[in-house]
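The values are calculated or read from the model by the stated rules, or taken from the named source; none is laboratory data. For clarity, every value in this text was computed on a predicted model and none was experimentally measured. Don't worry about glycine lacking a Cβ; one is built from the backbone with ideal geometry, like all the others, and counts go over all protein chains shown. Heads up: the accessible areas ignore ligands, DNA and RNA and are worked out on the full protein's heavy atoms, side chains in. Shrake-Rupley method; radii C 1.70, N 1.55, O 1.52, S 1.80 Å.
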Amino acid sequence: MTSLPPKYEIRVLGPEHEEWARAICIHTNLFHSPLWPVVYPENKTQRAYQTFQASHYLMKHQIDSGKSLGIFDKEYQYKRPESAATGGKLYCNLEDENATESDLAEQMDFPLVSIAMAYDGIDELDMAQIKPLIAKLPLFETVYHALEERDQRDPTSWKSTARGQVLMRNATNTVRSYSGCGLMRLLAEEMMRRSAAEGFRGIQIESISPAVQKVWSNPPAPFKGTIISQFHTTTFEEKDESGEVLYPFRPANVDISKIFVDLRSWIHEEVNFALSTNWTDTYSE
């Protein structure tokens, strides 16, 4: 197991980090995701501003849960003196429609560099408050609906019936300049370990990234990851009102998956080992 380099620190995200986390999530998704900038190639800056505003509820819900984690760069070099004075700042000008992707990246002057957003499954999302976000990214709803249709599980077999059972993972993003350092994997595995220690039996995550799918479907032992449902963007089809077949995710070329990580599989493994072993023979003298 690779440990977190000493320059980094993992912390539970608090309300003071909500705008930072939102900025990281929107920037990486709208400009660097294998899905969103492909299906929505026009007016990316304007869409980024709109989704930044519309995603406040979703991000706040997850931070308020106390289950969202972030990696902070303890050696971060601030771009502006006033940022250092406050421990970091987001300089977001929603009126600047000419801002480029790099301009928006420059506005993020804080030490939070990677996020893993999550909430307790018992605290379901208020879908009415998600609608403004869906209005800006209509295919966001299509993704979740398609994965749900392909999910063959009995809901009673996995859904939360009380607090502390199933963690719902909703977003994992890393600042572009820190990508490729393995931070997403380290943060994911830390969340698995923390959740297991707190008594959670599983974590569910929807993935639109090959790297995220690889990490969460192949967790470290003793955890077990399973792809519950999946579709590919090039072959996914739906019909319009006239019956014409549409391919709404083209030209994106990526698997979209729902993954469940069993945090208690080790219990079953130990029980099966005990049942298959002749303890009398093992301890006979």
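A few points about this structure:
- Low-density loop positions, GluC sites (Glu not before Pro), region 74-132 - DSSP coil, at most 13 other Cβ in 10 Å: 75, 95, 97, 124
- Max mean-square fluctuation residue, GNM over the chain, Cα-Cα springs under 10 Å, options 64, 73, 126: 126
- Stretch gain in nm, segment residue 86-residue 264, where the contour uses 0.36 nm per residue and the Cα spacing is subtracted: 59.9 nm
- Residue 241-residue 95 FRET efficiency (beta carbon distance; Förster radius 41 Å; 0.05 resolution): 0.60
- 15 Å cut-off, amide nitrogen to a point 7 angstrom out along residue 46 Cα→Cβ, residues in region 95-122: 95-100
- For the chain: accessible area per residue (Å², 1.4 Å): 52 Å²
- Applying D = kT/(6 pi eta Rh) to the chain, where Rh is the Kirkwood radius over alpha-carbon pairs, T corresponds to 25 °C and eta to 0.890 mPa s, the Stokes-Einstein value obtained is 120 µm²/s.
- Modelled label positions at residue 150 and residue 177, each set 7 Å beyond Cα in the direction of Cβ, lie 3.7 nm from each other.
- Percent carbon-and-sulfur accessible area, the chain, ignoring ligands, DNA and RNA, probe 1.4 Å: 50 percent
- Between region 100-118 and region 234-255, the C-alpha centres lie 32 angstrom from each other.
- Taking amide H as placed 1.01 Å from N in the peptide plane, the amide H of residue 110 sits under 5 Å from that of 89, each at least 5 places away or on another chain.
- If you run the Gaussian network model on the chain, springs between alpha carbon atoms under 10 Å, then out of 233, 172, 161 the most flexible one is 161.
- Residue of 98, 170, 218 that the Gaussian network model of the chain assigns the largest fluctuation, springs spanning Cα pairs under 10 Å: 98
- In region 211-245, trypsin sites (Lys or Arg not before Pro) in a DSSP loop with at most 15 other beta-carbon atoms within 10 Å: none
- 17 Å Cα cut-off, lysine pairs counted over the chain (separation 8 or more, or different chains): 9
- Label-reachable residues, region 191-230, where backbone N falls under 20 Å from a point 7 Å from residue 12's Cα toward its Cβ: 191-204
- Separation of the residue 77 and residue 255 label points, Cα + 7 Å toward Cβ, nm: 4.0 nm
- For residue 234, the residues whose modelled amide H falls within less than 5 Å of its own, excluding neighbours fewer than 5 places apart on the same chain, are 254.
- Other-chain or far-sequence residues with amide H under 5 Å of residue 229's (modelled H): 258
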